[in-house]
Each structure stands twice: as structure tokens, then as C-alpha cells.
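Novice: Structure in C-alpha cells, see below.
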Amino acid sequence: MNENILLSNTTLVVTFRCNLKCKLCAVSAPYYKEPPHYSLELLKKSIDRYFEAVNHVSKFTINGGEPLVHPEIADIMDYMMKYIDRVDILEIITNGSVMPSEKLLQVLMKSNKVDILIDDYGKELSKNVDSMIAAFEQRDIKYRRRKYYGEDAHLGGWVDLSNVSLKNRSDEETENIYKNCAYPGPFHCFVLMGGRAYICGVYKRCVSEGIIPDNADEYVDFVSSNWNVRETQNKIKNFYERKFFSACKYCNGFCPDSQRFTPAEQITL
């Protein structure tokens, strides 16, 4: 490791599969014909390469899709324990509908840095919130509950990022949106999907659907055959030093003044 690379946030998406079909899903999971699902081998390689390049991260999040539907989620979390001294918080975000297995619960008990964030969409969707909380409390596993229903929903609700189409605006207007967007801003988003770190799920969707070209200058590749730690560290250091990403031309951003919508509204066929 040649540089002292410190990051505030990193998210590892382990699968885009989910048992819900949220219309305004931030990573567009329901809109993939075949939602990407990553093997334990690829995820381990991504984790190893990441920590070879990064000294420390304040919060490392395991997310999806719904991460608890990944059949090897316990093994993924157990593998992360190799690097637990390099993170301040090891987080899982779950929709509260899938009960964690006993195997996963035993892994989560290994460190007090583990913190589970339960996105509660109400009893109809997040059916296992109470049971999950009871299991966590019984084992002294830290958790937080984020209320996403009713008039007092977190942050007033969700932002619509589903419309990925070329917007009729100037580069200067797009740059303004990027400056106000939460992903490069307060979220300081660095999200690993399939071994590559992107600025957000919208970018990944635009690439996956062929809306924008696969531009190596706009992501950090941790699993390429010619991977080099020093080059990776340089790309991480310069990741946010741009006016905007090419996908920003197709998105209205996650901004403070973005219209809010009812969270977790389900797509009905």
C-alpha cells in the first residue's frame, strides 16, 4: 500500500435481487431483466483488492437489492471480519422482510462495529421488523430503524431516479445538479457493484442498458486482470474531481429540493 487512502463511505452491493419491487428503487433493481447477482468469489476478490488500496473507511455498507436474500450473506459478512479493524462501522441495510439466519446472527455478534439499518416500510412490506429487532436485542447486535411510511417518513420520502433519459439542459445546468446531488455530496458515494466502484446506481443502470458507454475514467475497477494498486489509489483520490459524470445528463439528481414520493410503492403487473 503506497498511499494513505481514507474514505468516509463505501457500499458493497452483493446482489440486485430483491423480494420487493419498489417503483423508485435507488439502484433500479426491479428494472433489470436479469438482476445482477455476485458470487462469493467475486465479492471476496473485490473486498481484498479494496482493502489493499484503502487504508481505512468510516462506514462500509453491505447492500442490495436485498442483501439478506443472498444465500451466502453470512459468509460475506464473515469474510468482512478480516478487515474489521479497518472500518469504524460495518453496516447492513435491509428492508425488514427477510429474517436473518442463525448463522448470520452468529457472525454479526463477532464485532460491536456491526450496525444493522432496517428500512421499515410498514407491516405489509417489512413483515419481520419486530422479529428481527427481538433477535438483535437478544444477541446485543446494534441496529437502527428508519421509518419509511406515514406522514413523517424519513426525509419526507423517496426521490424519483427511475427516468434515465437525456435531459434538455446545458452542461452548466447539469454541473449545478451534480453540485447539489447527495451522492457526490453528503453521501460521498463510492459503491462497488460487480467489482467496480461507481458514483451511484443510476450510473450502473445507464451503463447496463447501453445508454452511456462503459468509460473506464468514470469508475474504479478492482477486479481487472491488469489491476494495479497504485493506479487504483490515484483513481480513488481523483474520483470526485470532475464537473459531473456522463450519467448525470440522464438524471435529475438526488437534491435537497427534489420532489419526494411515497417510499416503497410496489410495481404491480
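Novice: Put 130, 78, 140 in order of accessible area, largest first, 1.4 Å probe: what do you get?
Specialist: Numbers: 130 85, 78 60, 140 140 Å².
Descending order: 140, 130, 78.
Novice: Most fluctuating residue of 88, 160, 171 in a GNM of the chain with Cα springs under 10 Å: which is it?
Specialist: 171
Novice: For the residue pair residue 89 and residue 215, what label-to-label distance in nm results when each label sits 7 Å from Cα along the Cα-to-beta-carbon direction?
Specialist: If labels sit at residue 89 and residue 215, their model points lie 3.2 nm apart.
Novice: Got a sec? What order do 268, 232 fall in by accessible area at 1.4 Å, biggest, i.e. largest, first?
Specialist: Working: 268 120, 232 5 Å².
Greatest to least solvent exposure: 268, 232.
Novice: Once the piece of chain linking residue 229 and residue 266 is laid out straight, how much longer is it, given 0.36 nm per residue of separation minus the C-alpha distance between them? Mind dumping the intermediate values first?
Specialist: Values: separation 37, 0.36 × 37 = 13.32 nm, distance 4.19 nm.
Length gained between residue 229 and residue 266: 9.1 nm.
Novice: For the chain, what class follows from the C-alpha gyration tensor (a ≥ b ≥ c being the square roots of its eigenvalues): rounded when a/c is under 1.5, otherwise prolate if a/b is larger than b/c, else oblate?
Specialist: Numbers: a/c = 1.69, a/b = 1.10, b/c = 1.53.
Note, shape of the chain comes out oblate.
Novice: Please work out the C-alpha center-to-center distance from the range 128-194 to the range 56-99 and express it in whole Å.
Specialist: So the two Cα centres are separated by 17 Å.
Novice: Among the GluC sites (Glu not before Pro) within the range 149-188, which fall in a DSSP loop and have no more than 13 other Cβ atoms within 10 Å of their own Cβ? Can you show the working numbers first?
Specialist: On the way: sites: 151, 172, 173, 175; in loops: 151.
Of the GluC sites (Glu not before Pro), the ones in loops of the range 149-188 whose Cβ has at most 13 other Cβ atoms within 10 Å are 151.
Novice: Under the definition of Cα pairs under 8 Å and six or more residues apart, what whole-number percent is the relative contact order of the chain? Please list the in-between numbers first.
Specialist: On the way: 476 pairs, mean separation 66.1, N = 269.
Across the chain, relative contact order equals 25 percent.
Novice: Run down the lysines and flag those whose C-alpha is under 26 Å from the C-alpha of residue 44, throwing out any fewer than 8 positions away in its chain.
Specialist: Counting by Cα, and skipping residues close in sequence, residue 44 has these lysines nearby: 33, 59, 82, 103, 110, 113, 142, 204, 235, 237.
Novice: So, one more: For residue 167, go through the aspartates and glutamates and keep the ones whose alpha-carbon is under 15 Å away, minus same-chain ones fewer than eight residues off.
Specialist: 175
Novice: Here is a further query. Counting only DSSP beta bridges with both residues in the chain, what percent are antiparallel, rounded to the nearest 5?
Specialist: Counting only bridges with both partners in the chain, antiparallel ones make up about 25 percent.
Novice: Which length gain, in nm to one decimal place, applies between residue 112 and residue 243 when the Cα-Cα distance is subtracted from 0.36 nm times their residue separation?
Specialist: Values: separation 131, 0.36 × 131 = 47.16 nm, distance 3.88 nm.
Computed gain between residue 112 and residue 243 is 43.3 nm.
Novice: I want the antiparallel fraction of DSSP beta bridges within the range 1-71, as a percent rounded to 5.
Specialist: Working: 1 of 8 bridges.
In the range 1-71, DSSP labels about 10 percent of beta bridges as antiparallel.
Novice: Peptides 30-36, 108-114, 63-69: what's the order by average Cβ count within 10 Å, highest mean first?
Specialist: On the way: 30-36: 14.1, 108-114: 17.1, 63-69: 24.0.
Per-residue mean Cβ counts within 10 Å order the peptides as 63-69, 108-114, 30-36.
Novice: For each cysteine in the chain, check whether another cysteine's C-beta sits under 4.7 Å from its C-beta; list those where none does.
Specialist: Isolated Cys, the chain: 18, 181, 189, 200, 206, 248, 251, 255.
The values are calculated or read from the model by the stated rules, or taken from the named source; none is laboratory data. Please read these numbers as outputs of a predicted model, since none were measured by experiment. Please note: Cβ atoms are built from the backbone with ideal geometry, for glycine as well, and neighbour counts cover all protein chains shown. Heads up: the accessible areas ignore ligands, DNA and RNA and are worked out on the full protein's heavy atoms, side chains in. Shrake-Rupley method; radii C 1.70, N 1.55, O 1.52, S 1.80 Å.
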